[in-house]
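Step one of this worksheet: look at the structure below.
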Amino acid sequence: MDIKGSIAVVTGGASGLGEATVRSFVNDGAKVAIFDFDDKRGPSLADELGDAVIFCKTDVSDEQSVKDAINKTVETFGGIQIAVNCAGVGTAAKVLSKKGPVPIADFNRTVQINLIGTMNVVRLAAEQMMNTKPNADGEKGVIVNTASAAAYEGQIGQAAYSASKAGVVGMTLPIAREFADYGIRIMTIAPGLFETPMLAGLPEKALKALANMVPFPKRLGKPSEYAMLAKHIVENPVLNGETIRLDSAIRMAAK
């Protein structure tokens, strides 16, 4: 899939991994719709990047909100060929703590945003991709989801986060098998420790301790490095149905 001339939606596109992906795609000639709940950073980024970008205030866990954002994208740009899901939350909580069992509403919120939100965009974006004229390979669209190294080695306090991200990994192959008949590819990226707003609030000492856990390069990943892989997935036609760990070989400890 050529990024130049394509229309992409990027969830969580107002910051972090999503913002880096938006900037990369626009730089390569795509038109991009930012799906994000942040109605300050989102419009500001869209204004900065010009007519090739629109902002759609979106709650990915809400079906109607995603439908409205999809419809606005199609009405503005004429279709959708690429979808990148970066929206997510990662609130830590033990299953049992001094306060008692984790509130099931908190567990549910993480799953709703990270897993259900991803599926919301996958299914509704794919519906629009079906209207795309196929290229020489018969390809109509590409979807890139975001999991986490925690899908494999979740730490204490990450039960909800790990479960939601493992769900994203688990649905990648069956969706790829189904979408093969439609000319749509789907891949998942599982990042390790990255410089994102999710980690931005940590003290400098804590960030250095995290960086020291990384084998090589011994630092946190940069959002632009995530965007590099997302770009390659879109452009490489034989990448399909797989999860790629983007983690500098880190394997998370229990805590």
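We did not get these values from a lab; they are worked out from the coordinates using the rules stated. Being a predicted model, the structure only gives us computed values, none of them experimental. A quick note on method: Cβ atoms are made from the backbone with ideal geometry, for glycine too, and the neighbour counts reach across all protein chains shown.
Would you kindly derive the ³J(HN,Hα) couplings of region 132-142 from the backbone phi angles with the Karplus curve 6.51 cos²θ - 1.76 cosθ + 1.60 (θ = phi - 60°), listing them in order in whole Hz, with x for Gly and Pro?
My calculation for region 132-142 gives 7, 5, x, 7, 4, 8, x, 7, 10, x, 9 Hz in order.
Using a cut-off of 28 Å between alpha-carbon atoms, which lysines can reach K99, once sequence neighbours fewer than 8 places away in the same chain are excluded?
Reachable lysines: K165, K205, K255.
List the relative contact order of region 18-100 as a percent without decimals, with contacts defined as Cα pairs under 8 Å and 6+ residues apart.
That works out to 25 percent.
Please state the relative contact order of the chain as a whole percent: Cα pairs under 8 Å, 6+ residues apart?
Worked out over the chain, it gives 21 percent.
Taking H placed 1.01 Å from N in the peptide plane, check which residues at least 5 places from A190 or on another chain put their amide H under 5 Å from its amide H.
A147, I244, R245, L246
How are the C-alpha pair distances of region 7-246 spread across 10 Å bins, as whole percents from the shortest bin up?
Each 10 Å bin holds this share of Cα pairs: 8, 33, 37, 18, 4, 0.
Would region 28-86 count as rounded, prolate or oblate if I go by the C-alpha gyration tensor, calling it rounded below 1.5 in a/c and otherwise prolate when a/b exceeds b/c, oblate otherwise?
oblate
For the chain, what is the charge dipole size about the Cα centre, in debye to the nearest 20, if Lys and Arg each add +1 at the Cβ and Asp and Glu each add -1 at the Cβ?
That gives the chain a dipole magnitude of about 1000 debye.
One-quarter of the Cα convex hull surface for region 92-150, in nm²?
So the Cα hull casts an average projection of 5.5 nm².
Using only Cα atoms, locate the centre of region 138-215 and the centre of region 20-45, then give the distance between them in Å, rounded to an integer.
20 Å
If packing is taken as the average count of other Cβ atoms within 10 Å, what order do 138-148, 223-233, 167-177 fall into, highest mean first?
Highest to lowest by the protection proxy: 138-148, 223-233, 167-177.
Can you list the residues, at least 5 places off or on another chain, whose amide H is less than 5 Å from the amide H of V9, using H built in the peptide plane?
A33, I82, A83, V84
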